[in-house]
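The values are calculated or read from the model by the stated rules, or taken from the named source; none is laboratory data. Predicted, not measured: the structure shown is a model, and the values here were computed from it. Accessible surface areas use protein heavy atoms only, side chains included; no ligands, DNA or RNA. Shrake-Rupley method; radii C 1.70, N 1.55, O 1.52, S 1.80 Å.
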Amino acid sequence: MAAQAREDAEQLNQEKMENMMQQANKHEQEVRDQKNDIAELLRQIQRLKTDLEILSKQKVHLESDISECDERGRKASLDAQERINQLKAALQKAKQNMALMLCEYQELLNVKLALDIEIATYRKLLEGEEMRRVF
């Protein structure tokens, strides 16, 4: 009986040992898998950090470009406004010159009209004088 109990105990111990070995192998494989997963995640993190640095540099560069474009736009706007003001001033001066020339033209037309009337009067006088001499 003792031999039978010993055999049963050894067999039970053997089964437990095999069971524990299987569990140990299973846990060892899980640890290896998790280490591989961690290594892969670390590689991904490194790639993402590199991508982040590149994108950050691009962002700074783009912000700089935007600032430069904004500044050029403001300068162009100010230059355009100055040019508009100059053109408005030139237009106003041209209008004033035109008004002055129109007044001078009216005066010249009045003088011409008066001269035409005077010439017509003298012509009639001369024709009348010639008619009297002929008779």
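For this structure, a couple of remarks:
- The convex hull built on the alpha-carbon positions of the range 1-53 has an orientation-averaged projected area of 3.3 nm².
- Rolling a 1.4 Å probe over the protein chains gives HIS27 an accessible area of about 100 Å².
- For the range 62-135, the extents of the C-alpha atoms along the principal axes are 105, 15, 6 Å, listed from largest to smallest.
- Solvent-accessible area per residue, Å², over the chain with all protein chains present [probe radius 1.4 Å]: 97
- In degrees, nearest ten, helix 2-134 long axis to first principal axis of the chain (Cα): 0
- The chain: most fluctuating residue of ARG72, ARG47, ARG123 per GNM, C-alpha cutoff 10 Å: ARG123
- Stokes-Einstein diffusion coefficient of the chain, Kirkwood radius over Cα pairs, 25 °C, 0.890 mPa s, in µm²/s: 88
- GNM top mover of LYS88, LYS124, LYS49 - the chain, alpha-carbon springs below 10 Å: LYS124
- Surface composition of the range 23-70: carbon and sulfur make up 58 percent of the accessible area, probe 1.4 Å.
- Scattering curve values for the range 23-92, log₁₀ I(q)/I(0), Debye with Cα scatterers, q = 0.18 Å⁻¹: -0.82
- Based on the convex hull around the alpha carbon atoms, the range 84-127 presents an average projected area of 2.8 nm².
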